[in-house]
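Please read the structure below before turning to the comments.
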Amino acid sequence: MTNTTKKWLVAVLGAAAMAASAGAFAQQTTGGGFYVGADVGNADFGSDDDTAFKLFAGYKFHPNVAVEGGWAQLYDKGGSEVTSLEVVAVGMLPLAPQFSLLGKLGFASVDVDTPLGGDTKTELTYGIGAQYDVTPMIGARVQWQRYDTDQEIDLLSIGVVVRF
């Protein structure tokens, strides 16, 4: 076999392997891609709590890993308001075809506005939860998330996820 023939054979076999790998990767990432969602729940500030809600969007780039960005209204009482803008990595552990455990880890910019002034800090946020996929496009979540600020904020919420 000549050197040129070997190069062509390697190129053809390499292209075939890449084509087969792309098909296998496409099958593995079924259910991946972009998604949006909303959560509602209770934010606990130790001595006080309030109804909270969160809007988020994410991208699942692996069957077990996604990245999410979100905005949350954590507190709004008596002229005081606490909001969060966050980016988190989401790990997913499937336990059944439609049921997964979730783990979150990332950063949140928590903005506190009171009648006496305001403060914004970027801090660690983390959480755990579970998701049940009602259909291939819609999932329901329950989760707990902590915002590590000067005063720890715990958010217990339920929500919905819509995939594209």
Assigned by TED's automatic domain parsing to the domain that holds Asp49, closer than 15 Å to Asp39 by Cβ and either touching a Leu at 6+ places or on another chain (Cβ under 9 Å) or surrounded by fewer than 14 Cβ atoms within 10 Å (Cβ to Cβ) (or both) - does that describe any residue in region 85-93?
yes
Residue by residue through region 109-164, note down the ones that are surrounded by 14 or more Cβ atoms within 10 Å (Cβ to Cβ) and charged (D, E, K, R).
Asp111, Asp113, Glu123, Asp133, Arg141, Arg146, Asp148, Asp154, Arg163
Residues that are without any contact (Cβ under 8 Å) to a residue 60 or more places away in the chain and closer than 23 Å to Gly46 by Cα: which strands (runs of 3 or more DSSP E) entirely in region 82-164 hold 3 or more of them?
99-114, 117-133, 138-147
Unique residue being among the aromatic types (Phe, Trp, Tyr), touching a strand residue (DSSP E or B) at 6+ places or on another chain (Cβ under 7 Å), in a strand (DSSP E or B) and at pLDDT 95 or above when the list is Tyr75, Tyr59
Tyr59
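Please determine whether any residue of region 143-157 is within 17 Å of Leu55 (Cα to Cα), in the same structural domain as Phe61 (by TED's automatic domain parsing) and of a type in the set (Val, Ile, Thr). Full working, then the answer.
Start the filter on region 143-157 by keeping residues that are within 17 Å of Leu55 (Cα to Cα), which leaves 143-147, 154-157.
From the residues that got through so far, the ones that are in the same structural domain as Phe61 (by TED's automatic domain parsing) too are 143-147, 154-157.
Adding the requirement that they be of a type in the set (Val, Ile, Thr) leaves none.
Looking for residues that are within 17 Å of Leu55 (Cα to Cα), in the same structural domain as Phe61 (by TED's automatic domain parsing) and of a type in the set (Val, Ile, Thr), one finds none in region 143-157, hence no.
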Quick check on my filter: what residues within region 36-52 are touching a residue at least 24 places away in the same chain (Cβ under 8 Å) and either of a type in the set (D, E, K, R) or in a strand (DSSP E or B) (or both)?
Val36, Gly37, Ala38, Asp39, Val40, Gly41, Asn42, Ala43, Asp44, Asp48, Asp50, Ala52
Got a number for residues in region 53-79 being within 15 Å of Gln145 (Cα to Cα), free of Cβ contacts under 8 Å to residues at least 24 places away in the same chain and of a type in the set (Gly, Ala, Ser)?
2
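The values are calculated or read from the model by the stated rules, or taken from the named source; none is laboratory data. On a predicted model such as this, the values are computed, not experimentally measured, just so you know. Every residue, glycine as well, gets a Cβ built from its backbone with ideal geometry; the counts of neighbours run over all protein chains shown.
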